[in-house]
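The values are calculated or read from the model by the stated rules, or taken from the named source; none is laboratory data. On a predicted model such as this, the values are computed, not experimentally measured, just so you know. Here the Cβ positions follow ideal geometry from the backbone for every residue, glycine too, while neighbour counts run over all protein chains shown. Ligands, DNA and RNA are excluded from the accessible area calculation, which covers all protein heavy atoms including side chains. Shrake-Rupley method; radii C 1.70, N 1.55, O 1.52, S 1.80 Å.
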Amino acid sequence: MADKTSNAMWGGRFSTGPDAIMEAINASIAYDRRLAPQDIAGSRAHAAMLAAHGIISTKDAEAIREGLLTVLSEIESGDFPFSAALEDIHMNVEARLKELIGEPAGRLHTGRSRNDQVATDFRLWVRDQCDAAMEGLRALQTALVDQAEAGADWVMPGFTHLQTAQPVTWGHHMLAYAEMFDRDIGRLRDARARMNESPLGAAALAGTSYPLDRDATAHALGFDRPCANSLDAVSDRDFALEFLSAASITAMHLSRLAEELVIWSSAQFRFVSLSDRWSTGSSIMPQKRNPDAAELLRAKLGRIFGAQVALMTVMKGLPLAYSKDMQEDKEQTFDAADSLMLALAAMTGMVGDMTANREALRAAASHGFSTATDLADWLTREAGLPFRDAHHVTGALVALAESRGCDLPDLTLEDMQNAHPAITEAVFDVLGVDNSVASRTSYGGTAPANVRAQVARWRKTLAEASPHA
């Protein structure tokens, strides 16, 4: 026979308890127990407000406050007796509170519903995840800036289509990701600001007749203001979707960097070496060093994309206000947040520990005709050719060098002048990879001087940064 404890919480509405299958599909305590700190914080703020406005007695409010602190202590120590029969974290906490303090526990739910309670708890939890993710991203940016500073003038090939394009610097490449992750921080900050309204006091869907001070509870919980519409307050989860959207874009950026680490650490590239902390060996091939952490990170981030699609699918057909479907909002959001934080920590560790192979980077940059654009620019700037003509002349010289198995700087001046008589000895000043990167001084360019200036800017930004700034 099913446990009837949960039925008692409903005031005797049902004469028999749900069977085991219904209990299994209905209960969320297996995962929403993670909301315990937020649930207890919301309840403490609500009880204090009720007492401040004479809705419950100060004595009852004090008993509730002390009882909730005891419940929180039991949960944090692992001694709390969670029950699936009590369905969720809210009813588990309330039932334990009643065991501890008796009748005053029943006054805690005055003027609120589980609908506004869970919406408040979940907003608080997602808000905390935004803060944690921003902090994790700042740590990763710091590791990238460290790499950029060390390799501000290390030359490497820049790619388009994964084909050698133009020389860039290692520092410039590292700072490209710092910029991406800064926009991710901006999206999380924006999402946090929009979600920072309190549903508490919206009750089931229509508000309440009790003279609640919703501004007081909002401010007690760190919200900017209460939600202005009770229907909206309990019925939307766009705050979680916006977090998942920002997390998904962050995950995409992390996955791109992970992909580069996989490629760069291969024997064919040898651009970087990952430390033993982030690599494994093969069970059969002793020569191998596998970038398992980067590969696992690259795969795990798909869970974040899946969580966003899953929650969007849950929400897309729901009429106002609350429906039980919305219980499925948390599990995938919890998993996505966990995956994001794990990925950020792993990537920060890999970037911090990796060693760039300066010689291999330079050798790769010196092949593949990476200074062809420099030659075309020289022909336009110094010889006065229209760029399209300069592009054609350069293409002919690339073809000549390719046929001889050499690179552009290895051609003779005579070879160059046979392609166009206006070419002079000065052209060789722009064909070296160091000259190439040094010449890219336009704002945002790869020149070492630019990189060092950007590193200084980033040092200042990171020193002044706070999760809410």
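So the check is Cβ under 7 Å with 6+ separation or different chains; which pairs have a first residue in segment 58-73 that's over 13 Å from ILE40 (Cα atoms) and a second one that's open to solvent by 10 Å² or more (accessible area, probe 1.4 Å)?
THR58/ALA51; ASP60/PRO104; ASP60/ARG107; ALA61/ALA48; ALA61/ALA51; ALA63/ILE101; ALA63/PRO104
State whether the residues of segment 422-430 include one that is without any contact (Cβ under 8 Å) to a residue 40 or more places away in the chain, more than 14 Å from ASP374 (Cα to Cα) and crowded, with 20+ Cβ neighbours inside 10 Å.
No, segment 422-430 has no match at all.
Residue-wise test of (1) among the β-branched types (Val, Ile, Thr); (2) assigned by the TED database to the domain that holds ASP415; (3) under 30 Å from LEU175 (Cα atoms).
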position	(1), (2), (3)
LYS300	no, no, yes
GLN308	no, no, yes
LEU311	no, no, no
ALA321	no, no, no
MET326	no, no, no
LYS330	no, no, no
MET350	no, no, yes
THR373	yes, yes, yes
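Residue-wise test of (1) acidic (Asp, Glu); (2) under 30 Å from ARG192 (Cβ atoms); (3) in the same structural domain as GLU359 (by the TED database); (4) not in a loop (DSSP other than H, G, I, E, B).
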| site | (1), (2), (3), (4) |
| --- | --- |
| ALA422 | no, no, no, no |
| VAL427 | no, no, no, yes |
| THR446 | no, no, no, no |
| VAL451 | no, no, no, yes |
| VAL455 | no, yes, no, yes |
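If only one of ASP146, ASP182, ASP131 is in contact (Cβ under 8 Å) with a residue 12 or more places away in the chain, in contact with a Pro (Cβ under 7 Å, 6 or more places away or on another chain) and assigned by the TED database to the domain that holds ALA203, which one is it?
Details: ASP146 fails: in contact with a Pro (Cβ under 7 Å, 6 or more places away or on another chain); ASP182 fails: in contact with a Pro (Cβ under 7 Å, 6 or more places away or on another chain).
Unique residue meeting the criteria: ASP131.
Return the residues of segment 218-229 that are assigned to a loop (DSSP other than H, G, I, E, B), open to solvent by less than 70 Å² (accessible area, probe 1.4 Å) and more than 19 Å from MET326 (Cα to Cα); say none if nothing qualifies. Walk me through it before giving the result.
Kept after step one, since they are assigned to a loop (DSSP other than H, G, I, E, B), are these residues of segment 218-229: 221-224, 227-229.
Remaining after also requiring open to solvent by less than 70 Å² (accessible area, probe 1.4 Å): 221-223, 227.
Once the filter is applied, which keeps residues that are assigned to a loop (DSSP other than H, G, I, E, B), open to solvent by less than 70 Å² (accessible area, probe 1.4 Å) and more than 19 Å from MET326 (Cα to Cα), segment 218-229 yields LEU221, GLY222, PHE223.
Have a look at ASP215, ASP232, ASP190 and point out the one that is touching a strand residue (DSSP E or B) at 6+ places or on another chain (Cβ under 7 Å), open to solvent by 50 Å² or more (accessible area, probe 1.4 Å), at pLDDT 95 or above and not in a loop (DSSP other than H, G, I, E, B). Walk me through it before giving the result.
Values: ASP232 fails: touching a strand residue (DSSP E or B) at 6+ places or on another chain (Cβ under 7 Å); ASP190 fails: touching a strand residue (DSSP E or B) at 6+ places or on another chain (Cβ under 7 Å).
Exactly one of ASP215, ASP232, ASP190 is touching a strand residue (DSSP E or B) at 6+ places or on another chain (Cβ under 7 Å), open to solvent by 50 Å² or more (accessible area, probe 1.4 Å), at pLDDT 95 or above and not in a loop (DSSP other than H, G, I, E, B), namely ASP215.
Here's the yes/no breakdown for (1) assigned to a helix (DSSP H, G or I); (2) without any contact (Cβ under 8 Å) to a residue 60 or more places away in the chain; (3) open to solvent by 10 Å² or more (accessible area, probe 1.4 Å):
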residue: GLY317; (1), (2), (3): no, yes, yes
residue: ASP329; (1), (2), (3): yes, no, no
residue: THR333; (1), (2), (3): yes, no, no
residue: LEU342; (1), (2), (3): yes, yes, yes
residue: GLY352; (1), (2), (3): yes, no, yes
residue: ARG362; (1), (2), (3): yes, no, yes
residue: THR373; (1), (2), (3): yes, no, yes
residue: TRP378; (1), (2), (3): yes, yes, yes
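Is it true that ARG404 is basic (Lys, Arg) and touching a strand residue (DSSP E or B) at 6+ places or on another chain (Cβ under 9 Å)?
On the way: basic (Lys, Arg): yes; touching a strand residue (DSSP E or B) at 6+ places or on another chain (Cβ under 9 Å): no.
In short, no.
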